[in-house]
Each structure stands twice: as structure tokens, then as C-alpha cells.
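The values are calculated or read from the model by the stated rules, or taken from the named source; none is laboratory data. In this text the structure is predicted, and so the values were computed from the model without any measurement. Every residue, glycine among them, receives a Cβ derived from its backbone with ideal geometry; neighbour counts consider all protein chains shown.
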Amino acid sequence: MFFVFQTSSFTGMSHEEFRRYGRDTIDYVADYMENIHERRVVPTVEPGYLKSLIPLEAPQKPEPYKAMLEDFERVIMPGITHWQHPRFHAYFPAGNSYPSILADLLCDMTGAMGFSWAACPAMTELEVIMMQWFGKMLGLPKEFLPLTEGGRGGGVIQAHSSVEKACMIGMVKLRILETDSHFRLRGDTLRSAIQEDRNLGLIPFFVSTTLGTTSVCSFDVLSEIGPGIEYASSFNTNPNKWMLVNFDCSTMWVKDRFKLTQALVVDPLYLHHSWEEQSIDYRHWGIPLSRRFRALKLWFVIRSYGVEGLQKYMREHVRLAKKMEALLSADPMFELVGDVIMGLVCFRMRGSDERNKQLLTTLNSSGKIHMNACDEDIDIAYNIISTTAKQISPLPVVDESIDSVDEDSVSTTDRIIAGTDSDVRITGGIDGQMTKEELIAQKRDENIAKKRSFLVRMVSDPKCYNPKIVRHLNMSNHRKMSQDVYRDRSLMSVIWVFP
């Protein structure tokens, strides 16, 4: 097989032009990062904004690079959410650093596809060593490390795949388990679920535990689920969230790489090579064939900061999160939701969900903050949140205090109903009336069941970013809004503290 591929006369620009425009682009990147605090955090555009700014047909003739860079600022930047902004606090952080950016530039320069050792030996070799480095940095057992003498373990860097999608691809049933009041999976819950599934003729075979959940950064209780990480068969984490590595870079280790690769082997003749017995072919470790040189940016970042530098970077975020926790705890307008763990602070305004929706929408549409922070940024973020909360018109709020409930007025419609169609449990007091203790239990159970599904709504709902929604909310009359007030206290805002 012989492919004719010649690029010398079709590069789009000369070597000299590339040097000149490359310097211009690097200057643009540096200026952007240096002055990003002057930009709005979130854009004000609406869906379809770009169609009126860019032709709907591709150009027939080449266009100058200078015009492309100018158009990037003119038409693309107005629609960019600035994830690296010091007051972007909405989601898990998106790692970024100059060493990582430069490493990606070199990765793109090579234009290589690392699906096998023979396709690009350096890509495979460096990935193996980086998984050894990072695994040791995390303190993983030696069974997971790829360079353990006589071991069957190993690691791979690839794009993240959620548990739900993995189950869909594997065509297996997924069961989501309830958490405790701190949003953690407990051993008793898992044990009961396993027994229930076995009674139904199902075969439980895999448990996914999380150290730092997306919603509230809770840690499942590993000591109750199994004897720690030694009990696990695989481990996954994302350096592109908190390790200054650009997206995408998701790392996974397995104790027995052969069980994984045997399930994914597809071996057409044109992919065979003479070093298969002595090397790793990462095409057998995942669904895609072609793979980027992701290990390069991990290598550059770890070498640029060192283990101590990365530890200092993360510990500073934890300190700043504690500062935000202290500010919010001292303010009677707000209440914390869940424990403050690592760099995540979850909070809400006291009162109805409607007021919290209005607060978040107003904050996001202002562009001042989007729920490298430094102490000053934390102070600014808190002041913006507090000032905006005070400006929101007072709303009639349903009294959510349990103590204010008239026990005699609770009817049979307020009974707790739980379970499946074949297992319905109805609890009520004397003559169908709920007791105060039962009502307290009901609210606790409802909150635990519902909070996890509500936690990310306020930062993921596109309606929260449209300025028109803000104007609509501000014009709404109090009587209509009071009719929509929820009794659920679970809706909240999420602050991630990161530079």
C-alpha cells in the first residue's frame, strides 16, 4: 500500500509567513491571558448569532491569515465563555497553562497518530512513562503501574467517558444508588442494592465509586465499600481539571491490562507490525483508533511545575475555598449546601428556589462573575453575589420551617409514598394524619433524593445566561412569582475556586 502525500507546495503559508504569523498568534494568546480580567466572563450572544457574521459558504480563493486572526477577535471572541477568567466559578476548572499550550503546539506539529507503537514510538513510550510518573504521584498501588516488573497493570491517557455512556456502549443495566446526607455512597446502601438485584435474577458485577463528585465534591466511603483502592480494578482521574493541563487529558489505570485489551481487539492486516509482542498498542485500550499525543503536555506541565509546585497550586485553591466559606457563613442571606471539600463551595440564598434562580440569572447576565483566584478575586466574587442578592426584590416566601407546620392540618395527601410499583410503602399517623416526626423524615428523604439532580441545574441551564430572561424576571409581578415558589430548598449556586 502506497499513499502519495506531498505538502511542500500546499502549506497555505510559507515558512517565513508561519514564523511571522506564529509570533503574532503567540502575542495574541499572551495578551489575552494577561488582560482576561478586563473581559466579560460570559457572552451576551443568543443562538444563531454567528450566521449573520460569517458567510454560509466556504471561500473559493485563499484568504490571508491576518484577516482570520482579526475575525477571531471580531466574531468568535464575542461568543466565548472565558473559562480562564479569574471570576469564572461555574464548573469544574478547565486546566490551562503556557507549558501545556506550547506542548499542544508541538503535538499538532508532529501530526502523528499514535494508535500503535509502530505508528509513532515516542507517543506510546512517553505515555507509558507519564502514567508511571502520575500513578506514583497519586500514590496508586504498584499493581496499577505500567512499569512494575512482571506486572499486568497499566495506564492510558484518553478522552473522558461518563459511567452512563460506558453502560450504554456496553449494553448493561445501570442502577444509580442513593447517597447519605453528605451525598456519599455508603456500604449498607451498596450491600442492600446488590442483594435486591440478585433477588431479581440480575448479576451485579461493577461498582463505580467517586472521590470528588461533580455536584458537591463528596467522597464515597471506600472503607465501607471495599478495602480501599487496593480493592479496585481500575482508577480514573482528569489532569485537565486541576493540574494545569489543557483539555483533553483523562488518565486511567487498570490492574490487568489484558482483560481490557482482549475485549477491544480489532486486528486488520494493515495495522500489524513486527514489534507487537514487545510493545503496547494503545488502539486496543479504547474505542477510537487514532490518538493525540496527549502525554506531551502532561510531561511539559509536570516538569515545568514539579510535584511540589502542583501541590502548592492545589492547596492554595483549598485555602481560598475556605475563605469563601467563611464569608458566606457569616452572611445571614446565604446558607451552605453540603460540606466544603477541596475547592468547591455550594451555597444558596435563604428562601425560595425562585429567588435563587433570579440571583443566578442576574449574576450570569451581568458578565461580572460566572458562578487563579486570589484573595482579592474571592472578595470581589462575594461582594458581587452579596450586592446582587440584596438588589433582588423581596418575594413572598413559603415558610419552610418544620416547627411552623400545624400537625393537625396535615392531610393524607401529605403521606410519604416510596418504593416501586410492586413495593409501595405508605406511612401516616393516627387517622391518616402525619406526625411531626414523620414530616421531618419526609423532608429529609425528599432532600436527599432530589438534591443531586438539582445541584447542577443552576449552572447548566442555558436559560440562566440569556439577558432577556433577566428582564422578564425583573418585570414579573410578585403575586405570580409567589405562586411558583417551590418548597424544595435544594436549588443552589456552585462556586469552584481556581485560577
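For LEU140, the conditions (1) part of a helix (DSSP H, G or I); (2) under 23 Å from the mean Cα position of the chain (by Cα) all hold with the exception of (1).
Taking the condition out of contact with any Ser or Thr (no Cβ under 7 Å at 6 or more places or on another chain), among the basic types (Lys, Arg) and under 23 Å from LEU244 (Cα atoms), does ARG39 pass? It is true that ARG39 is out of contact with any Ser or Thr (no Cβ under 7 Å at 6 or more places or on another chain), among the basic types (Lys, Arg) and under 23 Å from LEU244 (Cα atoms). In region 25-43, the qualifying residues are those that are exposed (fewer than 13 other Cβ atoms within 10 Å of the Cβ) and either touching a strand residue (DSSP E or B) at 6+ places or on another chain (Cβ under 9 Å) or of a type outside the set (A, V, I, L, M) (or both), and the one that is farthest from HIS85 (Cα to Cα) is ASP27. When ILE380 is tested against the conditions (1) over 20 Å from the mean Cα position of the chain (by Cα); (2) at pLDDT 85 or above; (3) outside any loop (DSSP other than H, G, I, E, B), the lone failure is (2).
None of SER208, SER218 is at pLDDT below 85 and out of contact with any Pro (no Cβ under 6 Å at 6 or more places or on another chain) except SER218. Any residue that is modelled with pLDDT of 85 or more, of a type in the set (Asp, Glu) and outside the structural domain of SER218 (by the TED database) - is there at least one of those in region 330-347? Yes.
Considered as a group, the residues in region 44-99 that are assigned to a loop (DSSP other than H, G, I, E, B) and of a type in the set (A, V, I, L, M) include one that is surrounded by the most Cβ atoms within 10 Å (Cβ to Cβ), and that residue is ALA90.
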